[in-house]
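Worksheet: the structure to be examined is printed underneath.
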Amino acid sequence: MRRRFDRMVFGVSAVGCLLLVMQIRDVQGQATPSAKVSAAAADDDIGLIDVKQSDLSQKQIKDNWVSYNGDYTGRRYSAMTQVTLANVSHLAAKWVFHTQEAGPLEMTPLVVAGVMYITSGNDAYALDAETGKQLWHHSRAVTEGLIDDASSHHNRGLAILGTRIYMETDNAHLLCLDARSGNLIWDVLYATGNKNYGATSAPLIVKDKVLVGTSGGDDGVRGFLAAFDAQTGKEMWRFWTIPSPGEFGNDSWPGDAYLHGGGTTWMPGTYDPELNTVYWGTGNPSPDYDGSVRPGDDLYTSCLLALDPDTGKLKWYFQFTPHNLYDYDSEQTPVLVNANFKGRPRKLIVTAQRNGFLYVLDRTNGKYLYSRQFVPNVNWAKGIDENGRPISNNLIPDEKGIEVCPSQDGATNWYSPSYNEVTHMFYFRSEKACNIFQAKTEPFQEGRTYYSTGLRRPMGEISEGSINAFDLDKLDFAWRDPLIGAAMAWAGVMSTATGLVAYGDNEQNFVILNGRTGTPLWHFNVGQTIHSSPMSYAVNGKQYFAVATGSGDLFAFALP
């Protein structure tokens with residue numbers, strides 16, 4: 001049966017074409033944003049959208065994909081069973097949507113009650129998830145004068161609560177939009193005092209708060225995580241990842257270095273409602289390659305933070321790469337897993353880190369339990385000690401340059417991993433590569449990056465990538481699928497209850513494998529490099545897979 005929709009959206013008739021324009025100008029004098037609702041959209045008004053906290057706390061992902069990772073655990077695991085090992089070969093493209101701001105899409109769609117929400121740059125769209133038909137489009141000009149990551153205007157998606165959706169803009173504004181019309185409700189500038197701030201993440205809703213972070217860790221900003229009231233936009237708390245003078249950890253930041261210390265929070269975290277704890281990764285210290293101006297461990301950069309979502313107070317932290325000299329952010333998704341570990345039931349965090357090691361932590365207290373090197377060419381550290389601290393090889397960048405592995409891009413990066421509760425395997429993408437890192441002390445300047453100074457690839461090096469399946473029961477890799485192709489995709493993975501693993505490969509294919517064996521089952525060439533992480537949803541009893549691509553397109557696939 002076709003899903004039912006209310007016939008009215010806040011009193012707007014379903015007849016004719018509607019243009020909703022909200023005359024709101026931000027503090028930097030940006031172009032006026034607007035929301036457009038098409039005539040076609042009015043025929044299928046989306047008045048049923050009303051996401052409850054219980055929806056966000058769903059234990060299993062089925063029809064609806066309600067947050068960036070699908071649920072609070074970050075597992076990207078779908079409990080749907082319609083597409084199986086036996087019939088996956090019959091998948092076919094059902095529709096393609098092209099965004100107006102064409103460019104590399106890094107977002108993951110949300111789907112609620114058959115309505116899909118996506119982003120491109122500073123724009124947001126609502127689509128019919130069954131047909132790809134546009135329901136509304138909220139348009140906002142990209143910001144001029146940004147630098148580094150923010151200047152690419154990447155946006156990784158939205159958050160939703162009630163009848164509202166939330167998104168970060170390239171210049172670190174938090175927007176609240178009406179989920180049914182795209183109309184702007186409020187707009188909050190949340191990063192000030194340094195024009196090098198930007199934002200590239202999707203927000204995370206926890207209870208009645210919207211949690212957001214920033215980009216700019218390579219550009220001399222001071223990282224933070226902030227929470228805003230979902231109804232009013234009022235700031236509720238802010239946790240600074242670089243401690244102020246007099247606070248624990250500030251000894252790494254002489255003078256005013258703490259104001260430019262990096263440690264940004266540019267990817268969404270995860271949340272455990274039972275422990276009432278948010279887990280959020282932090283980026284590299286700044287300047288990236290020159291550690292002489294930031295002695296010590298450089299807290300709380302390259303860390304996993306456990307925070308109280310009600311107050312923003314720190315519960316514990318774990319630092320993966322102390323005194324990081326190689327741009328090894330710790331923004332990789334902290335995946336929450338309840339499983340037997342070495343014969344004992346534990347509440348775990350599993351994360352593959354940019355520094356080349358996979359970690360298992362106890363998420364109740366941050367205790368280090370296990371680590372495993374997952375690329376063969378790690379040379380920055382000899383290994384990990386019994387407390388989880390790396391045993392450094394003291395490879396210090398200088399003006400001439402020194403070869404360090406993994407590369408700046410890391411042995412893995414922000415693209416999403418997945419944990420499958422049926423196979424007990426943790427799936428993630430890795431890359432084998434090195435860089436020659438150079439360092440020279442330079443002053444911080446607004447409007448410029450703050451790497452101090454640069455890097456290059458070793459002569460003749462060829463990168464090698466793979467999709468990896470780590471068996472949490474055996475604490476060993478079950479299989480690795482090599483990635484072959486001219487272009488490196490920045491594409492995450494997801495898995496399903498039927499044992500499927502989906503991802504984008506390096507040959508412009510959307511691929512599905514057998515999650516137990518790594519055997520290829522199906523692929524579709526999208527004709528573009530994939531820079532995003534896939535998701536799955538259902539409408540009217542039919543399961544779909546969706547993935548965004550590098551030229552501004554969104555593909556949806558389903559069985560006949």
Qualifying positions in segment 429-438 - buried (at least 20 other Cβ atoms within 10 Å of the Cβ), touching a Leu at 6+ places or on another chain (Cβ under 8 Å) and either under 24 Å from residue 151 (Cα atoms) or polar (S, T, N, Q) (or both): 435, 437
Would you check if residue 165 is in a strand (DSSP E or B), surrounded by fewer than 23 Cβ atoms within 10 Å (Cβ to Cβ) and among the hydrophobic types (A, V, I, L, M, F, W, C)? no
Could you go through segment 33-52 and let me know if any residue there is in contact with a strand residue (DSSP E or B) (Cβ under 6 Å, 6 or more places away or on another chain), of a type in the set (A, V, I, L, M) and modelled with pLDDT of 95 or more. yes
Filter segment 402-428 down to the residues that are outside any loop (DSSP other than H, G, I, E, B) and crowded, with 20+ Cβ neighbours inside 10 Å and list them by number. 404, 418, 419, 420, 425, 426, 427, 428
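Have a look at 491, 478, 433 and point out the one that is farther than 22 Å from residue 106 by Cβ, at pLDDT 95 or above and of a type in the set (A, V, I, L, M).
That would be 478, the only listed residue that is farther than 22 Å from residue 106 by Cβ, at pLDDT 95 or above and of a type in the set (A, V, I, L, M).
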Inspect all residues belonging to segment 375-389 and state whether any of them is of a type outside the set (Asp, Glu), out of contact with any Gly (no Cβ under 9 Å at 6 or more places or on another chain) and crowded, with 20+ Cβ neighbours inside 10 Å. no
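Taking segment 211-264 as the region of interest, how many residues are of a type in the set (Lys, Arg) and surrounded by 18 or more Cβ atoms within 10 Å (Cβ to Cβ)?
The qualifying residues number 1.
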Do we have residue 358 as touching a strand residue (DSSP E or B) at 6+ places or on another chain (Cβ under 7 Å), closer than 18 Å to residue 428 by Cα and either surrounded by fewer than 24 Cβ atoms within 10 Å (Cβ to Cβ) or modelled with pLDDT of 95 or more (or both) here? yes
Which of (1) in a loop (DSSP other than H, G, I, E, B); (2) modelled with pLDDT of 95 or more is the odd one out, the single condition residue 382 does not satisfy? (1)
Within segment 311-318, identify whether any single residue is under 25 Å from residue 415 (Cα atoms) and not aromatic (Phe, Trp, Tyr), and answer yes or no. no
Breaking point among (1) in contact with a Leu (Cβ under 7 Å, 6 or more places away or on another chain); (2) more than 27 Å from residue 475 (Cβ to Cβ); (3) not β-branched (Val, Ile, Thr), for residue 318: (2)
Hey, can you tell me all the residues within segment 346-390 that are over 25 Å from residue 492 (Cα atoms) and free of Cβ contacts under 8 Å to residues at least 24 places away in the same chain? 346, 367, 382, 383, 385, 386, 387
Can you tell me how many residues within segment 273-328 are touching a Pro at 6+ places or on another chain (Cβ under 9 Å), within 30 Å of residue 442 (Cβ to Cβ) and aliphatic (A, V, I, L, M)? 4
Identify, please: which residue in segment 334-352 is in a strand (DSSP E or B) and not hydrophobic (A, V, I, L, M, F, W, C) and is, among those, farthest from residue 74 (Cα to Cα)? 344
What tally of residues in segment 62-82 results from selecting those that are within 22 Å of residue 165 (Cβ to Cβ), of a type outside the set (Ser, Thr, Tyr) and touching a residue at least 24 places away in the same chain (Cβ under 8 Å)? 9
For the condition crowded, with 23+ Cβ neighbours inside 10 Å, in a strand (DSSP E or B), in contact with a Phe, Trp or Tyr (Cβ under 9 Å, 6 or more places away or on another chain) and of a type in the set (S, T, N, Q), what is the one hit in 495, 533? 495
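For segment 113-141, give me each residue that is assigned to a loop (DSSP other than H, G, I, E, B) and buried (at least 21 other Cβ atoms within 10 Å of the Cβ).
Across segment 113-141, the qualifying residues are 114, 121, 122, 129, 130, 140.
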List every residue pair whose Cβ atoms sit under 9 Å apart, with the two residues 6 or more apart in sequence or on different chains, where the first one lies in segment 508-527 and is free of Cβ contacts under 8 Å to residues at least 12 places away in the same chain and surrounded by fewer than 17 Cβ atoms within 10 Å (Cβ to Cβ) and the second, anywhere, is of a type in the set (Phe, Trp, Tyr) and not in a loop (DSSP other than H, G, I, E, B). 519/479
Looking only at segment 447-456, how many residues end up being surrounded by 15 or more Cβ atoms within 10 Å (Cβ to Cβ) and either in contact with an Asp or Glu (Cβ under 7 Å, 6 or more places away or on another chain) or part of a loop (DSSP other than H, G, I, E, B) (or both)? 5
Being hydroxyl-bearing (Ser, Thr, Tyr), buried (at least 24 other Cβ atoms within 10 Å of the Cβ) and either touching an Asp or Glu at 6+ places or on another chain (Cβ under 8 Å) or not in a loop (DSSP other than H, G, I, E, B) (or both) is the filter here, so list the residues in segment 59-72 that pass it. none
Among the residues of segment 72-114, how many are on the phi > 0 side of the Ramachandran plot, charged (D, E, K, R) and more than 22 Å from the chain's Cα centre (by Cα)? 0
For segment 179-194, enumerate the residues that are surrounded by 23 or more Cβ atoms within 10 Å (Cβ to Cβ) and either part of a strand (DSSP E or B) or over 21 Å from the mean Cα position of the chain (by Cα) (or both). 179, 180, 181, 182
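The values are calculated or read from the model by the stated rules, or taken from the named source; none is laboratory data. In this text the structure is predicted, and so the values were computed from the model without any measurement. When we count neighbours, we look across all protein chains shown, and the Cβ atoms used for this are built from the backbone with ideal geometry, even at glycine.
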